[in-house]
Amino acid sequence: MAASYSSFLTTQYYSPVFNTALFDGPFRIYFSQSYESVALKIYHLLQTQDLSLWTEYKKWSEKTKKHAFILIYPSDQDLAIAFDGEPRAELMNRLWDEGLILGFANSYSDESFGGIYQHILTQLKTFIGAEKTNLNLQF
């Protein structure tokens with residue numbers, strides 16, 4: 001099923017603070033405008049440092065119509081609400097019939113961004129690898 005803006009709006013992961021989004025191929029990055037620099041950093045790194053993953057996702061998404069939703073929440077509390085009040089992890093993830101949802105709170109320091117970005121990459125690689133081999137994902 002093709003990921004659509006309206007179907008995402010009806011999920012528990014959507015937040016009214018998401019007043020801006022970047023859509024490019026399989027990637028959907030939702031955020032508050034005040035976190036634009038973080039979203040652009042993720043977008044830029046995916047296209048430059050991890051171009052092979054970017055390209056692989058684009059080809060794969062064209063066939064499957066699944067996407068990666070990267071959600072930047074303003075606080076740990078907002079993240080916990082969206083993910084059913086689970087204990088906070090640096091990066092929360094869920095499978096959705098339209099793809100993979102990755103959410104994190106923008107409450108980190110610049111020094112810890114690298115760790116969050118690496119978690120994003122790990123989850124993206126795990127998701128696409130499991131989908132290609134039709135494995136059941138265990139997050």
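Throughout, read-outs are computed from the coordinates displayed, never taken from laboratory work. Since we're looking at a predicted model, the values are computed, not measured. FYI the Cβ positions are ideal-geometry reconstructions off the backbone, even for glycines, and counts take in every protein chain you see.
Which distance in nm do the two modelled labels at SER75 and GLU90 give, with both placed 7 Å along the Cα-to-Cβ direction?
The modelled label-to-label distance comes out at 2.3 nm.
In debye to the nearest 20, how big a dipole does the chain give about its Cα centre with +1 on each Lys and Arg Cβ and -1 on each Asp and Glu Cβ?
500
Could you sort 91-98, 9-16 so that the peptide with the highest average Cβ count within 10 Å comes first and the rest follow in order?
In decreasing order of mean packing, 91-98, 9-16 become 91-98, 9-16.
Mind checking the full-extension length gain between ALA130 and TRP60? Use 0.36 nm per residue of separation minus the Cα-Cα distance, one decimal, nm.
In short, 24.0 nm is gained.
Only four residue types carry charge here, +1 at the Cβ of Lys and Arg and -1 at the Cβ of Asp and Glu. Report the dipole size of segment 41-116 about the Cα centre in Debye, rounded to the nearest 20.
Result for segment 41-116 is approximately 420 debye, rounded to the nearest 20.
For a paramagnetic label modelled at 7 Å from the Cα of TYR14 toward its Cβ, which residues of segment 26-56 fall within the zone defined by backbone nitrogen distances under 14 Å?
Counting only backbone N, you get 30-31.
Once the dipole of the chain is set up with Lys and Arg at +1 and Asp and Glu at -1 on Cβ about the Cα centre, which of GLY99, ILE81, THR122 lies farthest towards its positive end?
With unit charges placed on the Cβ atoms, the residue in question is GLY99.
Does the chain classify as rounded, prolate or oblate by the C-alpha gyration tensor (a ≥ b ≥ c root eigenvalues; a/c under 1.5 gives rounded; else a/b over b/c gives prolate, otherwise oblate)?
Rounded, because the longest to shortest axis ratio a/c is under 1.5.
Shape of segment 23-85 from its Cα gyration tensor (a ≥ b ≥ c, root eigenvalues): rounded if a/c is under 1.5, otherwise prolate when a/b > b/c, or oblate?
oblate
Ranking request for peptides 29-39, 67-77: highest mean number of other beta-carbon atoms within 10 Å first, then the rest in descending order.
67-77, 29-39
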